[in-house]
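Report on the structure given below.
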Amino acid sequence: MKQFRYSRDFDEQFAYEGKDLGAVYGPQGTNFKLWAPFADRVELCLYEDGGRETKAGRILEMEKEEKGVWNLFLAGDYHGSYYDYRVWTEGECCRTADPYAVGCGSNGYRSMVTDLKRTNPEGFEEDCAPRRPAENIIYELHIKDFSHDPDSGIPRAYRGKYKAFTLGEGRLAADGQYPTCMSYLKELGVTHVHLLPFFDYGWLDEEGDEEQFNWGYDPVNYNVPEGSYATDVHDGTVRIRECKEMIQALHRAGIRVIMDVVYNHTQDADSWLERTAPGYYCRRLQDGTLSNGSACGSDLAIGRRMVDNYIVNSVMYWAREYHLDGFRFDLMGLMTVELMNRIRRELDREFGRGEKLMYGEPWRAADSPMEEDTRAALKENIRYLDEEIAIFCDSTRDVIKGHVFYEEEPGFVNGGQDLEEKVLRAVTGWCGEDSGEGTFHPRSCSQIINYISAHDNFTLWDKLVVSLHGTGADFTRPYEDVLAANKLAALICFTCQGNLFLQAGEEFGRTKLGDANSYRSHPEINMLRWRQTVEYKELVAYYRGLIRLRGRLPGLCDKSPEAAERILEKKVPGPGIVAYHMDNRPGNLPRTPDDADGGAPERLFVIYNASERETEIDLPEGTWTVLADGQRTDYDGSACEEAGGEAFLIRKGRISVPACSGAVLGCSQD
Ligand code: CA
């Protein structure tokens, strides 16, 4: 076939706006629709099962309709039937699964007609998200990491599976209690779990053993759950039902669920999409070679109408069918501002303004030629993105703990110099005044995801060990200085305006033994080691306290464009020391049960001391109570009484803050 050259005219002629592509099931019959605009002929092939070797039982001619859509209606109940297509172009035949499929067989090779109602677990129609929290505290988790460790409390058959999330609450556990990993998650108090990709990805052999591991950033079937997390890959309904059970179980535990989505590239340039319309879906350079902004050699040509339609329909499908509460966009810098804002509008229209979270990585692995009249969703273009689309804030991340690529380079908490002013800018999510970061101007801190570790690069623990003790250090030693720097890093992150995000296990010293890119490392390197939640229980308690405290401080939770104006005073009392004074009154923010009694202090004073010396700091006017310091983050009325009450009250004057620690104080009267 001649090489296809994309033009806007082509989209005007052929873009299909219908929502019925794929195999639309009905009890009386199934309608098959495929967009294959270059094809001379398309055949539907039906199979007895989803196996790769099975021969087609029936082969049926499809009819060409308008806009390059091929259509066939089959009367009868086809739920559970496997199928694919033969697309003929200029005499050549190409087999493809259905890019719009909602079900598939083992390893995603063949598609499956699915009556989605029959895949719903009991009670799924009534399933809904827990109420919107005062703050979004997002916990980044890989499904297999969660329960691969035998200490997770999960029986062997369910370890590493969707099912691991469903144990407890009288559903499966004999004593009605949660196993270790689920009770821990619930207790921790995070509001959202963000799961690494769980659409069908290609790396793993779904029929292979449990020693395999991959993060999953190699999409094959965008609208079907991954099979390696299911207990049975031969029945295509099982992965769907068990994935829904996982989401339902997290909702029951009071946690919202975010899906990590990878629409910037496919596993292979020879994808189902590209097979149905060769040359249309993949982005190419002028000379016809594949664009490689994803470092995977298969960038999707976002900005073309049918690529964008596909992505919008896919996001809406997951939100609607699986009750997901948000989406994290991989390499969002390869997507366009126009598409991101369109997804935002569609989600808002159907589910309410801001109800579903949207955020992504505002960068790409390399340059990629975008379509005409589009703008890449890069950090420098943040002001063109909707206020309810957030970015991972690498500026905040790197200023706190040091650059991710230069292993030994420190940040503020681990010995970095001259970072005080940047730390103060991070506090307001780089809003309010000139951010000093070139062209980076967020519209409000709602666009900021504050974080200090994620699945990429070192874990926080490993970064701190390497920067403080060198690359030859023992990652499993509970170094006192690493613990102190970890706590201070967390205290800073949790007292910056914007959304909050942490990598699972950051709160118990998670180490991958210095493996900075564990995307296909052994599951034992990647898994959460549940014994560490006991070994590092003080660190866990520190994070748990910060999570609870954050939700009670409206000044920090404020996401309005005016939030930065709450800062009454900023100070740099000395090298490595930063303090700020903030208006913490709720203002127009919606009241949450946590502050409904008016218990939130009217003003906050926050100090970070990253220096090697204890420091004395003057407090602003008023009577101040310590809410958090380098030791504890759970001081409240009751904790004060237990500990002798007055000990935590400071009446005017000064406070002493030990080296490498911080403090959060609240004042209730003027
Ligand atoms: Ca797969």
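Grab the eigenvalues of the alpha-carbon gyration tensor for the range 232-307, scale each by 5, take roots, and send me the semi-axes largest first in whole angstrom.
34, 16, 10
Within the range 59-103, list the residues whose amide N lies under 18 Å from a label point set 7 Å along Cα→Cβ of Gln28.
Correct set: 72-79.
Separation between the Gln3 and Glu346 pseudo-spin-labels, each 7 Å from Cα along Cα→Cβ, expressed in nm?
Each label point is offset 7 Å from its Cα along the Cβ direction, giving 3.1 nm.
Return the calculated 222 nm mean residue ellipticity for the chain, to the nearest 500 deg cm²/dmol, obtained by summing -39500 (n - 2.57) across DSSP H runs with n ≥ 4 and dividing by the residue count.
Here the helix-only value at 222 nm equals -6500 deg cm²/dmol.
Using Cα pairs closer than 8 Å and at least 6 residues apart in sequence, work out the relative contact order for the chain, in percent.
Relative contact order for the chain comes out at 10 percent.
Would you mind calculating the relative contact order of the range 450-518 from Cα pairs under 8 angstrom and at least 6 residues apart, reporting the percent as a whole number?
Answer for the range 450-518 is 57 percent.
Mind checking the log10 I(q)/I(0) for the range 471-593 at q = 0.15, 0.21 Å⁻¹? Debye, one equal scatterer per Cα, no solvent, two decimals.
Computed log10 I(q)/I(0) values: -0.86, -1.22.
Which whole number in µm²/s is D for the range 216-358 by Stokes-Einstein, with the Kirkwood Rh taken over Cα pairs at 37 °C and 0.692 mPa s?
Value of D from the Cα-based Kirkwood radius: 202 µm²/s.
Between Ala473 and Glu535, what is the label-to-label distance in nm when each label sits 7 Å out along the Cα-to-Cβ direction?
Modelled inter-label distance: 1.6 nm.
Just subtract the alpha-carbon distance of Ile525 and Glu12 from 0.36 nm times their residue separation and send over the number in nm, one decimal.
Extra length available between Ile525 and Glu12 comes to 179.7 nm.
At a 10 angstrom cut-off on C-beta neighbours, averaged per residue, how do the peptides 347-357, 135-145 rank from highest to lowest?
Per-residue Cβ counts within 10 Å, averaged per peptide and sorted highest first, yield 135-145, 347-357.
What is the spin-label model distance, in nm, from Arg156 to Thr231 if the labels are put 7 Å beyond Cα along the C-beta direction?
Spacing of the two 7 Å Cα→Cβ label points: 1.5 nm.
Normalised by the number of residues in the range 401-503, what is the relative contact order in percent for Cα pairs under 8 Å and 6+ residues apart?
Reported relative contact order: 35 percent.
Over the Cα atoms of the range 138-296, each weighted equally, I'd like the Debye log10 I(q)/I(0) at q = 0.21 Å⁻¹, rounded to two decimals.
For the range 138-296 at q = 0.21 Å⁻¹, log10 I(q)/I(0) is -1.37.
What value does the chain have for Rg/Rh, both radii from Cα atoms and Rh as Kirkwood defines it?
0.99
Dividing the alpha-carbon Rg of the range 318-419 by 2.2 N^0.38 Å yields what?
Against the empirical 2.2 N^0.38 Å value, I get 1.29 for the range 318-419.
Along the charge dipole of the range 45-144, Cβ charges K/R +1 and D/E -1, which of Pro121, Gly76, Gly105 sits furthest on the positive end?
Gly105
Could you give the dipole magnitude of the chain about its Cα centre, charging the beta-carbon of Lys and Arg +1 and that of Asp and Glu -1, in debye to the nearest 20?
640 debye
List the residues of the range 255-281 whose backbone N lies under 20 Å from a point placed 7 Å from the Cα of Asp205 along the Cα-to-Cβ direction.
Under cut-off, by backbone N: 268.
What dipole magnitude, in Debye to the nearest 20, does the range 202-331 give about its Cα centre under +1 on Lys/Arg Cβ and -1 on Asp/Glu Cβ?
Dipole size: approximately 900 debye.
Would you work out which of Ile525, Ala484, Gln497 lies farthest towards the positive end of the dipole of the range 449-539, given +1 charges on the beta-carbon of Lys and Arg and -1 on that of Asp and Glu, about the Cα centre?
Of the candidates, Ile525 comes out farthest on the positive side.
So which trypsin sites (Lys or Arg not before Pro) in the range 1-65 are both in a DSSP loop and have at most 12 other Cβ atoms within 10 Å of their Cβ?
Those satisfying the criteria are Lys2, Arg5, Lys19, Arg52, Lys55.
Can you tell me which of 179-186, 287-294 comes out highest on packing, and rank the rest after it, using the mean Cβ neighbours within 10 Å?
My ranking of the peptides, most packed first, is 179-186, 287-294.
So what does Trp203 come to for accessible area, using a 1.4 Å probe and Å² rounded to 10?
110 Å²
Taking the Cα centre of the range 49-171 as origin, work out the dipole magnitude from +1 charges on Lys and Arg Cβ and -1 charges on Asp and Glu Cβ, in debye rounded to 20.
Here the range 49-171 has a charge dipole of around 360 debye.
Report the net charge of residues surrounding Pro658, where surrounding means a beta-carbon distance below 15 angstrom and charges are Lys +1, Arg +1, Asp -1, Glu -1.
Counting the neighbours of Pro658, the net charge comes to -2.
Determine how many Å³ per residue the convex hull of the Cα atoms of the range 1-145 encloses.
Cα convex hull per residue, to the nearest whole number: 212 Å³.
Quick one: which of Lys117/Lys144; Lys356/Lys512; Lys379/Lys559; Lys144/Lys487; Lys356/Lys379 span more than 25 angstrom between C-alpha atoms?
Those over the limit are Lys117/Lys144; Lys356/Lys512; Lys144/Lys487.
Could you please report the charge total around Val261, scoring K, R as +1 and D, E as -1 over all other residues with beta-carbon less than 10 angstrom from its beta-carbon?
Neighbourhood net charge equals -1.
How charged is the neighbourhood of Lys33? Take every other residue with its Cβ under 9 Å from the Cβ of Lys33, and add Lys/Arg as +1 and Asp/Glu as -1.
-2
Determine the per residue accessible area of the chain with all protein chains present and a 1.4 angstrom probe, expressed in square angstrom.
Per residue, the chain has an accessible area of 39 Å².
Given the Cα atoms of the range 85-146, and with Rh set as the inverse mean 1/r over their pairs in the Kirkwood sense, what is Rg to Rh to two decimals?
That ratio is 1.18, to two decimals.
Enumerate by residue number the GluC sites (Glu not before Pro) in the range 210-282 meeting two conditions: DSSP loop (anything except H, G, I, E, B), and at most 10 other Cβ atoms within 10 Å of the site's Cβ.
Glu211
Starting from the Cα of Ala75, move 7 Å in the Cα-to-Cβ direction to define the label point; list residues of the range 1-44 whose amide nitrogen is under 13 Å from there.
Once the point is set 7 Å along Cα→Cβ of Ala75, 28-30 turn out to lie under 13 Å by backbone N, inside the range 1-44.
Roughly to the nearest percent, how much of the accessible area of the chain is carbon and sulfur, given a 1.4 Å probe?
46 percent
The values are calculated or read from the model by the stated rules, or taken from the named source; none is laboratory data. Every value quoted in this text rests on a predicted model; they were computed, and no experiment measured them. Cβ sites come from the backbone with ideal geometry, for glycine too, and all protein chains shown count toward neighbours. All accessible areas refer to the heavy atoms of the entire protein, side chains included, with ligands and DNA or RNA removed. Shrake-Rupley method; radii C 1.70, N 1.55, O 1.52, S 1.80 Å.
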